[in-house]
1. Quick check for you: with a 1.4 Å probe and neighbouring chains kept, what is the accessible area per residue of the chain, in Å²?
2. Heavy atoms only, 1.4 Å probe, whole protein assembly: order F61, F32 by accessible area, highest first.
3. Express in nm, to one decimal, how much length is gained between V12 and Q30 on full extension, taking 0.36 nm for each residue of separation and deducting their alpha carbon distance.
4. Note the listed values (1) 0.91; (2) 1.02; (3) 0.94, then indicate which one is Rg/Rh (Cα atoms, Kirkwood Rh) calculated from this particular structure.
5. Highest mean first, what order results for 1-9, 14-22 on Cβ atoms within 10 Å?
6. Suppose only helical runs count, i.e. DSSP H with n ≥ 4. What mean residue ellipticity at 222 nm does that imply for the chain under -39500 (n - 2.57) per run, divided by all residues and rounded to the nearest 500 deg cm²/dmol?
Amino acid sequence: MTISEQIKVLCVRCKVSEAELARRLGKSPQNFNSKMKRESFTIRDLEDISKVLNVKFKRVFILANGDEV
């Protein structure tokens with residue numbers, strides 16, 4: 001699943017439209033939609049999304065032995 005797909009699912013589950021999410025982030029819905037199409041989110045963007053939706057964001061690589069990096 002791409003990050004844009006994950007954000008779409010997150011919006012549905014949090015009952016927030018993508019346009020509303022954009023506004024909460026201080027971005028125009030058009031600019032946010034372009035970012036969704038380009039898949040050009042930074043870690044900071046994802047952290048900001050988690051803050052405005054009041055959810056946790058965990059970025060981690062998990063090795064075969066279960067170790068996290």
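1. On the way: 5230 Å² over 69 residues.
Result: 76 Å² per residue.
2. Working: F61 155, F32 5 Å².
The residues order as F61, F32, largest area first.
3. Details: separation 18, 0.36 × 18 = 6.48 nm, distance 1.88 nm.
In short, 4.6 nm is gained.
4. (2)
5. Numbers: 1-9: 13.2, 14-22: 14.8.
Listed from highest to lowest mean packing, they are 14-22, 1-9.
6. On the way: 4 runs with 40 residues, N = 69.
It comes out at -17000 deg cm²/dmol, rounded to the nearest 500.
The values are calculated or read from the model by the stated rules, or taken from the named source; none is laboratory data. Fair warning: this is a prediction, and the values are worked out from it, not measured in the lab. Cβ atoms come from the backbone with ideal geometry, glycine included; neighbour counts cover every protein chain shown. These accessible areas exclude ligands, DNA and RNA; they are computed on the full protein's heavy atoms, side chains included. Shrake-Rupley method; radii C 1.70, N 1.55, O 1.52, S 1.80 Å.
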